[in-house]
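Have a look at the structure below before the remarks.
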Amino acid sequence: MAEKFDVIVVGAGPAGTSCVYTLAKGGANVLLIERGEYPGSKNVMGGVLYRKMLEDIIPDFYKEAPVERQIVEQRYMMLDKESAATFSYKGLEWDQEPFNNFTVLRAKFDQWFADKAVQQGALLLNETVVLECIVENGRVIGVRTDRPDGDVYADVVVLADGVNSLLAKSLGFRKELRPDEAALSVMEVLKLDRTIIEDRFNLEGNQGCTFEIFGDSTKGILGTAWLYTNKDSLNIGVGAMLSGLIQHKIKPYELLDYVKQHPMLRKYIQGSEQQEYLAHLIPEGGFHSMGKIVGDGVLVVGDAAQMVNAIHREGSNLAMTSGVLAAETILSAMQAGNFSEQMLDSYRVNLMNSFVGSDLKKYKDTTHHFEKFPHYFNKYIPMLNKAASQMFTVDGTPKREKQRKIWREIGTAGEKFRIARDLYRAWRVMK
Ligand code: FAD
């Protein structure tokens with residue numbers, strides 16, 4: 001007879017593993033199925049891991065987890081062709097335990113995290129693809145895998161299979177991703193001597209920093225580039241909306257080459273050697289793209305349910321919180337012996353009451369707004385850079401005259417009104 005578990009979780013990313021860890025700790029008999037050779041082998045992330053959500057699952061995790069550097073500085077660059085207006089915050093309070101956020105390499109981190117779930121008693125099955133959910137009388141009762149005799153059964157199946165979730169689509173929970181709902185990102189891990197990184201980025205010991213780069217980095221398409229410091233490597237990448245890439249006929253690797261050679265950035269990576277090249281989709285449709293996340297015997301967590309806060313480049317933390325909330329709901333359902341959609345719906349309710357639901361709702365129109373009005377990136381950022389250049393050039397012109405000149409160059413009264421209206425609209429979609 002085919003094997004039966006309390007719960008099967010598909011996908012060993014942050015969402016799936018958080019769920020499995022919490023379930024196993026709560027005494028459930030859990031199977032975690034991962035298609036990769038090992039957890040993390042197929043996974044991509046810019047690299048910022050948010051401490052709080054993992055700390056809630058494994059207190060003091062950073063003392064043993066393979067984290068790279070604790071982030072003490074966040075820089076935001078508004079890039080034009082030959083200039084950058086930069087805002088940065090650096091705080092040494094983030095260099096004190098328990099720290100704030102860390103950079104991680106997913107191939108190492110996911111493996112460590114899944115091992116912790118196994119230590120709690122979960123069973124991990126690598127190199128196994130889940131082909132479909134087994135559905136009986138409208139209820140999910142297990143999964144069909146690509147292994148011989150590959151059907152496995154469970155009271156609940158959790159879909160944590162990432163952005164493209166074929167399984168959620170096959171259940172009719174969500175539709176195919178549209179090009180305006182996803183960003184295509186490419187990223188390189190560049191090997192660089194640790195002391196060079198520390199000197200170049202003004203870091204001491206294990207301190208790290210992150211750059212988020214807007215504007216010319218994506219040639220005006222909605223998206224960002226990033227540059228993050230690891231122990232002895234850098235992560236450099238760029239992600240742009242699929243719709244914009246298609247419309248402008250730009251390949252993402254062309255954008256990445258452009259970023260790497262940009263005069264404002266190339267010195268940071270000089271002398272480094274490519275270690276890895278990665279590409280992945282990021283779900284950016286937000287709240288409006290979420291679809292159904294609860295059914296009879298089934299829950300959807302993390303990227304599979306499109307839970308990414310693109311404005312704040314948060315995804316792994318939303319994934320982890322959704323995984324934990326799903327696990328807590330399942331543990332209650334096990335006590336009640338009831339795995340119906342009605343019983344499992346408290347996952348959706350708790351999720352929407354958490355920071356995940358609150359932030360997804362807050363930014364629900366943001367991506368589409370900025371996509372519709374690309375001049376935020378291709379017009380206003382160059383304008384800001386030009387104004388900064390004029391203001392900071394000391395040429396004997398009185399400052400008041402400079403201010404008047406900048407004001408005049410912004411354009412006619414009608415253009416000024418349009419800018420004010422755009423800024424107001426931007427504030428409204430993000431407030
Ligand atoms: P994933 O991490 O995608 O995991 C899904 C897992 O399911 C994978 O291991 C996959 O192999 C497995 N799987 C898929 N299908 C099957 C199947 N049929 N059978 C078996 N296994 C299957 N978030 C941040 O918090 N900080 C960042 O800096 C950040 N930067 C990012 C940069 C990039 C380039 C990208 C692409 C994303 C970034 N994100 C970031 C978002 C973050 O990576 C995701 O939100 C997070 O990984 C979602 O976790 P998940 O577990 O839902 O999905």
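Scanning region 186-195 for residues that are away from the ligand (no atom under 16 Å from the Cβ) and over 17 Å from Q70 (Cα atoms) turns up K191, L192, D193. Here S358 meets each of (1) among the hydroxyl-bearing types (S, T, Y); (2) part of a helix (DSSP H, G or I); (3) within 16 Å of the ligand (Cβ to nearest atom) with one exception, condition (3). Within the option set V143, V158, being within 24 Å of the chain's Cα centre (by Cα), assigned to a strand (DSSP E or B), under 22 Å from E328 (Cα atoms) and assigned by TED's automatic domain parsing to the domain that holds G337 holds for one residue only, V158. Tallying residues that are within 10 Å of the ligand (Cβ to nearest atom) and more than 24 Å from the chain's Cα centre (by Cα) within region 102-126 yields 1. Residue check: M53 meets all listed conditions (1) aliphatic (A, V, I, L, M); (2) under 19 Å from the mean Cα position of the chain (by Cα); (3) crowded, with 24+ Cβ neighbours inside 10 Å but one, namely (3).
Residues in region 86-102: is at least one farther than 23 Å from K52 by Cβ, surrounded by 15 or more Cβ atoms within 10 Å (Cβ to Cβ) and at pLDDT 95 or above? No.
Cβ-Cβ contacts under 7 Å between residues 6 or more apart (or on different chains), taken from a first residue in region 79-98 that is without any contact (Cβ under 8 Å) to a residue 40 or more places away in the chain to a second residue that is in a loop (DSSP other than H, G, I, E, B) and surrounded by 11 or more Cβ atoms within 10 Å (Cβ to Cβ), are listed as W94/N100.
One residue stands out in region 103-124 among those that are part of a helix (DSSP H, G or I) and polar (S, T, N, Q): the one that is surrounded by the most Cβ atoms within 10 Å (Cβ to Cβ), namely Q111. Within region 405-423, is there a residue that is among the β-branched types (V, I, T) and touching a Gly at 6+ places or on another chain (Cβ under 9 Å)? Yes, region 405-423 has at least one match.
Filtered by the rule that a residue be surrounded by fewer than 24 Cβ atoms within 10 Å (Cβ to Cβ), small (G, A, S) and closer than 18 Å to G285 by Cβ, region 314-358 gives G357, S358. Of the residues V156, V129, V143, the single one that is surrounded by 23 or more Cβ atoms within 10 Å (Cβ to Cβ), farther than 15 Å from G302 by Cβ and near the ligand (Cβ under 9 Å from one of its atoms) is V143. Consider region 262-308 and keep the residues that are of a type in the set (S, T, Y) and outside any strand (DSSP E or B). The one that is farthest from Y76 (Cα to Cα) is S289.
Report yes if some residue within region 368-386 is in contact with a Phe, Trp or Tyr (Cβ under 6 Å, 6 or more places away or on another chain) and among the aliphatic types (A, V, I, L, M); otherwise report no. Among the residues of region 368-386, not one is in contact with a Phe, Trp or Tyr (Cβ under 6 Å, 6 or more places away or on another chain) and among the aliphatic types (A, V, I, L, M), which makes the answer no. Residue check: is G26 in the same structural domain as D149 (by TED's automatic domain parsing) and within 15 Å of the ligand (Cβ to nearest atom)? For G26, the condition - in the same structural domain as D149 (by TED's automatic domain parsing) and within 15 Å of the ligand (Cβ to nearest atom) - is not met. Determine whether G46 is outside any helix (DSSP H, G or I) and either surrounded by fewer than 19 Cβ atoms within 10 Å (Cβ to Cβ) or within 15 Å of the ligand (Cβ to nearest atom) (or both). Against the criterion (outside any helix (DSSP H, G or I) and either surrounded by fewer than 19 Cβ atoms within 10 Å (Cβ to Cβ) or within 15 Å of the ligand (Cβ to nearest atom) (or both)), G46 qualifies. Can you confirm whether region 221-231 contains a residue that is modelled with pLDDT under 95, assigned to a loop (DSSP other than H, G, I, E, B) and away from the ligand (no atom under 11 Å from the Cβ)? The answer is yes; a qualifying residue exists. Give me a count of the residues in region 292-313 that are surrounded by fewer than 24 Cβ atoms within 10 Å (Cβ to Cβ) and within 10 Å of the ligand (Cβ to nearest atom). Looking only at that region, the number is 4.
Residues that are within 13 Å of the ligand (Cβ to nearest atom), within 30 Å of E198 (Cα to Cα) and basic (K, R): does region 267-280 have at least one? No, there is no match, as no residue in region 267-280 is within 13 Å of the ligand (Cβ to nearest atom), within 30 Å of E198 (Cα to Cα) and basic (K, R). The residues of region 195-226 that are touching a helix residue (DSSP H, G or I) at 6+ places or on another chain (Cβ under 6 Å) and among the hydrophobic types (A, V, I, L, M, F, W, C), listed by number, are I221, L222, A225.
Of the residues making up region 314-342, those that are more than 8 Å from the ligand (Cβ to nearest atom), touching a residue at least 24 places away in the same chain (Cβ under 8 Å) and assigned to a loop (DSSP other than H, G, I, E, B) number 2. Evaluating I311 against the criteria (1) at pLDDT below 95; (2) not in a helix (DSSP H, G or I) leaves one unmet condition, (2). Among the conditions (1) assigned to a helix (DSSP H, G or I); (2) within 15 Å of the ligand (Cβ to nearest atom), E198 misses just one, which is (2). For the condition at pLDDT below 95, among the small types (G, A, S) and surrounded by 20 or more Cβ atoms within 10 Å (Cβ to Cβ), G286 qualifies.
The values are calculated or read from the model by the stated rules, or taken from the named source; none is laboratory data. Every value quoted in this text rests on a predicted model; they were computed, and no experiment measured them. A quick note on method: Cβ atoms are made from the backbone with ideal geometry, for glycine too, and the neighbour counts reach across all protein chains shown.
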